[in-house]
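Participant: I have a structure here, written as structure tokens, and I will follow up with some questions on it.
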Amino acid sequence: MSSIRVNGEPKSLDVATVDDLLRAEAVDPTARFVAVAVNGVVIPRGRWDSERVKDGDDIEIVRPAPGG
Amino acid sequence: MYNPLEDALTIADKTFTSRLLIGSAQYPNNQVMLDSIGASGAQIVTVAIRRVDLAGGGETVLDLLEGDYHILPNTAGCFTAKDAVLTAELAREALETNWIKLEVIGDRETLYPDAEHLLNAAAEMVRRGFIVLPYCTDDPITCRKLADLGCAAVMPLGSPIGSGMGILNPYNIEIIRAENAIPVIIDAGIGTASDAALAMELGCDGVLLASAVSRAHDPVRMATAMRHAVEGGRHAYRAGRIPRKRHAQASSPQKGVIGT
């Protein structure tokens, strides 16, 4: 289990990679317009299945929304 | 006959025939948004970058707009240069664009730009290869610094975001226009069509608005009004207005009046 923060929420999840995390959080990793940052660094989509999730990681999962 | 291509707006390496930029938020529903943006004639549409709703999926605003518009992501809501730069990087990854509307605000009450963080963020984003369009105060010095940093445009506010108070300091806007070679786009404060027309009459290259249309009683009609206002104001600016005078100057001939 990893103790991490996902979009500001503390979580304990049994996930190995960013791809696992997205699936665990019900975010389709093949969905377009999704972006992920780990500890303030954007992880390109092509590395989601290899980027390891580590204890203490602060992860942001975003997508576009209506804006001004 | 008016040819919009002859008077196109060029920002960085892209050319646009519309000088109106429009937001995608706060519409009553998606159909009104699409109809309004269509009626506005805008080619550039702004979107925000937000945390996904972990409770559910659904289509994004991009699924509705993609292909028809040049999408301009913003960093709205960021209080620091650090958050703004990360938001820009996330936007670049999510949307595959290096264009960014840079916003760094100082507080939630005024939504005024924080000049210090704004300049730091602009410098870092330019360094990272972004096309930076900063929302800024109507301060000629800040605008000049943003231009010197390599921003693709400056976007001074007319008045606070969503206030609808129009252009409170038209003299500053004229100075900013005169001092900068890059496009000057009025961003924020537009309340109605005459505000947008004034922005263009002052020599601005474009107008970016959101609430004035999305929160209008009839957004589609207001979008139409804004389209005409921006075009009308642009024509008036290029035509050259007559000078203001204290006394009248008759427009009908003075000779041949009966009874003289």
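The values are calculated or read from the model by the stated rules, or taken from the named source; none is laboratory data. Note that the coordinates shown come from a computational prediction; the quantities given were computed from them, not determined experimentally. We place every Cβ from the backbone using ideal geometry, glycine too, and count neighbours over all the protein chains shown. All accessible areas refer to the heavy atoms of the entire protein, side chains included, with ligands and DNA or RNA removed. Shrake-Rupley method; radii C 1.70, N 1.55, O 1.52, S 1.80 Å.
Participant: When the chain is fully extended, how far beyond the present Cα-Cα distance does residue B:179 get from residue B:141, taking 0.36 nm per residue of separation?
Facilitator: 12.7 nm
Participant: Using R₀ = 45 Å, calculate the FRET efficiency as 1/(1 + (r/R₀)^6) where r is the Cβ-Cβ separation of residue B:258 and residue B:110; round to 0.05.
Facilitator: Plugging the Cβ-Cβ distance into 1/(1 + (r/R0)^6) gives 0.15.
Participant: Using alpha carbon coordinates only, what is the Rg to Rh ratio of chain A, with Rh defined as the Kirkwood radius?
Facilitator: Over the Cα atoms of chain A, Rg/Rh equals 0.95.
Participant: Can you list residues from other chains, or at least 5 along the same chain, whose modelled amide H is less than 5 Å from the amide H of residue A:49?
Facilitator: Distant-sequence amide H within range of residue A:49: A:19.
Participant: Would you mind checking which residues have amide H under 5 Å from residue B:102's amide H? H placed 1.01 Å from N; only 5 or more apart, or other chain.
Facilitator: Amide H neighbours of residue B:102, under 5 Å, 5+ apart: B:133, B:135.
Participant: Provide a whole-number value for the mean count of partner chain Cβ atoms within 10 Å of the Cβ atoms in peptide B:26-34. Walk me through the numbers before you get to the answer.
Facilitator: Working: counts 3, 1, 0, 0, 1, 0, 0, 1, 0.
What the average comes to for B:26-34 is 1.
Participant: What do you reckon, how do B:137, B:10, B:224 stack up by accessible area (1.4 Å probe), largest on top? Write down the numbers at each step before the final one.
Facilitator: On the way: B:137 25, B:10 70, B:224 50 Å².
Ranked list, largest accessible area first: B:10, B:224, B:137.
Participant: Going by amide H atoms built from the backbone, whose H comes under 5 Å of the H on residue B:155, apart from near neighbours?
Facilitator: Under 5 Å from the amide H of residue B:155: B:136, B:185.
Participant: Between the range A:4-46 and the range B:74-150, what is the C-alpha centre distance in whole Å?
Facilitator: So the separation of the two Cα centres works out to 25 Å.
Participant: Considering only protein heavy atoms and a 1.4 Å probe, what is the carbon-and-sulfur percentage of the accessible area of the range B:81-198?
Facilitator: Of all accessible area on the range B:81-198, carbon and sulfur atoms account for 50 percent.
Participant: How do B:131, B:186, B:258 rank by accessible surface area computed with a 1.4 Å probe, from largest to smallest?
Facilitator: B:258, B:131, B:186
Participant: Using a 1.4 Å probe and counting only protein heavy atoms, arrange B:135, B:69, B:112 so the residue with the most accessible area comes first.
Facilitator: Result of the area sort, largest leading: B:112, B:69, B:135.
Participant: Kindly provide the Kirkwood hydrodynamic radius of the protein assembly as shown in Å, to one decimal, from all pairs of distinct alpha carbon atoms. Write out the running numbers ahead of the final one.
Facilitator: Values: mean 1/r = 0.0472 Å⁻¹.
Hydrodynamic radius (Kirkwood, Cα pairs) of the protein assembly as shown is 21.2 Å.
Participant: Next question, about the same structure. Pulled fully out, how much extra length does the chain show between residue B:247 and residue B:14, if you take 0.36 nm times their separation in residues and subtract their Cα-Cα distance?
Facilitator: Extra length from residue B:247 to residue B:14 when fully extended: 79.3 nm.
Participant: Quick one: grab Rg to one decimal and Dmax as a whole number for chain B, Cα atoms only, in Å.
Facilitator: Using the Cα atoms of chain B, the pair Rg, Dmax is 19.9, 85 Å.
Participant: Accessible area per residue of the range B:1-140 at 1.4 Å probe, in Å²?
Facilitator: Per-residue value: 43 Å².
Participant: Roughly how many Å² of residue A:3 are accessible to a 1.4 Å probe, to the nearest 10?
Facilitator: For residue A:3, solvent-accessible area is about 60 Å².
Participant: Can you give the charge dipole size of the range B:157-260 about its Cα centre, rounded to the nearest 20 debye, using +1 on the beta carbon of Lys and Arg and -1 on the beta carbon of Asp and Glu?
Facilitator: So the magnitude is around 520 debye.
Participant: Further question: Quick one: the Cα spread of the range B:1-121 along its three principal axes, in angstroms, biggest first?
Facilitator: On the principal axes, the range B:1-121 reaches 48, 37, 29 Å in Cα extent.
Participant: Spin-label point model (7 Å from Cα, Cβ direction): what's the residue A:24 to residue A:41 distance in nm?
Facilitator: According to this spin-label approximation, the distance is 2.0 nm.
Participant: Just read off the accessible area of residue B:251 with the full protein assembly in place, 1.4 Å probe, to the nearest 10 Å².
Facilitator: Probe radius 1.4 Å; accessible area of residue B:251 about 120 Å².
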